[in-house]
Amino acid sequence: MLDTQKYTHILELDKVLERLSSFAGCPDTREQLLKLSPCSDYRELCGEMARTEAAYSLCMRYGEPAIYNVQNCDLPLRRAEVGASLSLRDLLAVGRLLSNIRSLRAYRERCEEKETALDELFFGLQDNRYLEELLSAAIISEEELADDASPELLSIRRKIRSAQASVREQLEHMVHSAHYLPYLQEAIITQRDGRYVVPVKIEHRGEVKGLIHDTSASGQTVFIEPAGVVEANNKIKLLQSEELQEMDRIIRALSAECGSCAGSIMSSFQRLVALDGIFARARYGREIEGVIPKLREDGGVILSGARHPLISKDAIIPIDIRLGTDFDTLVITGPNTGGKTVALKTLGLLTLMAMCAMMIPARESSEVSVFDYVLADIGDEQSIEQSLSTFSAHMTNIVQILEVADDRSLVLMDELGAGTDPVEGAALAVALIERLRLFRARIAATTHYAEMKMYALQTSGVENACCEFDIATLRPTYRLLIGVPGRSNAFAIGQRLGLPEEVIESAKGHVASDSARFEDVVAQLEAARQSLEREQEQTAKLRGEAQQERDRIAAFKQELEGEKEKEINRARSEAGRIISDVRRRSEQLLEELEELRRQKEAEDFGRRVGEAKSGYRSRVRAMEDRANPVSRPADSSENYVLPRPLEKGDSVKIVSLGMHGVVLQPADGSGKVYVQAGAIKTKVPQEDLRLSEPPKKKKQPAGGRVLRSVESKATRSASTEFDMRGMNAEEGIMTLEQFLDNCVMNGQKTVTVIHGKGTGVLRTAVHNFLRRCRLVRGFRLGVYGEGESGVTIVELK
């Protein structure tokens, strides 16, 4: 029978489990974790690993569940099932267990995760709030029941306290009376055998009538129960006996309640222990900053950034190990104390931890296979235990390994073939590896033999690896380099430590030529590798600097965009202020013109005033558009060229104003064109004009005058309704003002303004405008049949 515990002990899994058990909250859980053994069933292990991952996720998102002071109540509950009475200690333990069960289930209900791999365990917990509250209310401690455990117990204890108070009151009078005070040793009241007594001097014991219950050690004092309180003490004794009977009855009743629920409580306890163990794995995983490895069943192991969990994170260099992917055997070489054995143990221990459904201290890209056996022959002087192994002990262990190794085995061998003649040892090491490869086992072995390095170079499926050693400092870097054979560096180390040069040269002369050439090749490879690594580091550094520069430029560009936006907003705000000022001045001018129109009766004068007002509003709107420096007209291209010289009567667009007009006179010597836009006649630079469709020509009178195509206000629509729904307040008021002007020109007296009900904002703006409009005589809201509050009826002057 193979003793697998021997190999787990060699790889120090027992120490990891001891640390793991410290995170459990229940003694039964700690005991189970200490006995935890690796699982070789792939499907079962995947399920357990999923539970570990779920517990870790819940801990990180919602905190850890509280499991503490939980005891295995199996034996007390079995006794209660058959009708036995439990002690108060056992009942308290059952109450604490029920409290933990309820708390654990409530923890899952607080978590917002819809479904986890732990739900079967969580929702299998059966809390018994009734029994939990019954026990907590009745029991104060392991020696005391609460007064209100039952009404009878409360009544009895009240009577006892009343009787005791009565006795003490009588004795207080006695010990403080002038008659009895000379006879007493002390003016105190004490108890003997549960009865109240007073201390009397031995020589005056006949002066105090009563029963003697005790004598002091010195013999100078007797403790007498005065005759006057004997009956009261008897009553207290009877009540205390009733109290004990009632307490026994309560305990039996509580025990019976526990016995009736024993099955569900123990079932929940088993689930609690399972959850406690799973969350202990999650807590330990968080302590070692572990990850959930990907599980495989093809024998492949890929560990990235792996660390030995028993060595401080600050004192170890993470290593990358792979095995069973593109090669099945890894031969690790290098100097002593270079980290070979630690690498070997890390590979084995992390594999065992993963097979125990534990998180491993590595990066997330790590993968671990499930093996039937993890076999190890490690007895190095650099181990934590400082154990020594002889050649015969090594061979005995290897023989046992050969008996069980197969294609689902991971075999780890330290200093293979050491402890005997180097030539024979190297040959034996090669033969053992070949034998194990026949079994298709996954093998990792450490050695110093050059023959093993050559074997790895020449054999497919076998790969060299080495633990890097810095010759300059004579210190190992503890980095594991796969694909590179290592060197012992004995000559270099001896030379740096002061060994005479003659001895070094003499030693080199004793090295076989083939071995010397091989070591030279290895040295050249190592130098080339280190040079390449330095170049890669320099490249990575330059790449990082370039990325930082790109980030700096991007940040500067973003800052410029922000400044640009600020300047645009500042310019827009200033332009808006200017336009507001222009609008105010224009309104004043229009009001003056309106006053002039009322003073003139001539129709032609009124028409010209209306056209002037319309022209002013158009110019104000154009200035508002120009106030936005971002929105530039599409026609503002500086590359625009007139297709032909402008002529009198051409229809043009004034780009800066956004208005259309007619050419009155072609460009003069300064390049300015005389243009009429609405009622405005002005000179405009030729580059500010765009030729548009020619206007329709009218018949010219005999005088040769050009008739402008201007629609008379007198012929405009005579509609008495104005619908401004869908407009904003400012746009609506400007259009309403023009509508009222037209109505006044057409002689209409009453009009309807449709503004809708809505929120009332548009209605309020209309009414405010009508109050100050000089064209309006009065206004009112519509009535039923007119549109009610959705319209305003306006009476014009």
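The values are calculated or read from the model by the stated rules, or taken from the named source; none is laboratory data. Predicted model only: the values in this text are computed from it and were never measured. Cβ atoms come from the backbone with ideal geometry, glycine included; neighbour counts cover every protein chain shown. Heavy atoms of the whole protein, side chains included, go into the accessibility calculation; ligands, DNA and RNA do not. Shrake-Rupley method; radii C 1.70, N 1.55, O 1.52, S 1.80 Å.
Structure notes:
- Output for region 122-176, where each listed residue is under 21 Å from Ser87 (Cα atoms) and among the acidic types (Asp, Glu): Glu132, Glu133, Glu142, Glu143, Glu144, Asp147, Asp148, Glu152
- Tabulated pairs, region 83-110, first closer than 15 Å to Ile250 by Cβ, second among the aliphatic types (A, V, I, L, M) and not in a helix (DSSP H, G or I), C-beta under 6 angstrom, 6+ apart or interchain: Leu88/Ile139; Leu91/Ile139; Leu92/Ile139
- Listed here are the helices (runs of 4 or more DSSP H) enclosed by region 107-180 that have at least 1 residues being in contact with a Pro (Cβ under 8 Å, 6 or more places away or on another chain) and open to solvent by less than 30 Å² (accessible area, probe 1.4 Å): 151-175.
- Those residues of region 1-34 which are open to solvent by 60 Å² or more (accessible area, probe 1.4 Å) and under 19 Å from Ile360 (Cα atoms), in sequence order: His9, Asp14, Lys15, Glu18, Arg19, Ser22, Leu34
- Residues of region 237-247 include at least one that is open to solvent by 50 Å² or more (accessible area, probe 1.4 Å), free of Cβ contacts under 8 Å to residues at least 12 places away in the same chain, out of contact with any Ser or Thr (no Cβ under 8 Å at 6 or more places or on another chain) and closer than 30 Å to Ser99 by Cα.
- Restricting region 80-106 to residues that are part of a loop (DSSP other than H, G, I, E, B) and touching a helix residue (DSSP H, G or I) at 6+ places or on another chain (Cβ under 6 Å), the residue that is most open to solvent (accessible area, probe 1.4 Å): Ser85
- Test: residue in region 184-194 that is touching a strand residue (DSSP E or B) at 6+ places or on another chain (Cβ under 6 Å), open to solvent by 60 Å² or more (accessible area, probe 1.4 Å), of a type in the set (Lys, Arg) and not in a helix (DSSP H, G or I): yes
Each row is one residue, and each column tells you yes or no for (1) modelled with pLDDT under 85; (2) farther than 26 Å from Glu587 by Cβ; (3) surrounded by fewer than 17 Cβ atoms within 10 Å (Cβ to Cβ).
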{"residue": "Glu731", "(1), (2), (3)": "yes, no, yes"}
{"residue": "Asn742", "(1), (2), (3)": "yes, no, no"}
{"residue": "Thr759", "(1), (2), (3)": "yes, yes, yes"}
{"residue": "Asn768", "(1), (2), (3)": "no, no, yes"}
{"residue": "Val776", "(1), (2), (3)": "no, no, no"}
{"residue": "Phe779", "(1), (2), (3)": "no, no, no"}
{"residue": "Gly787", "(1), (2), (3)": "yes, yes, no"}
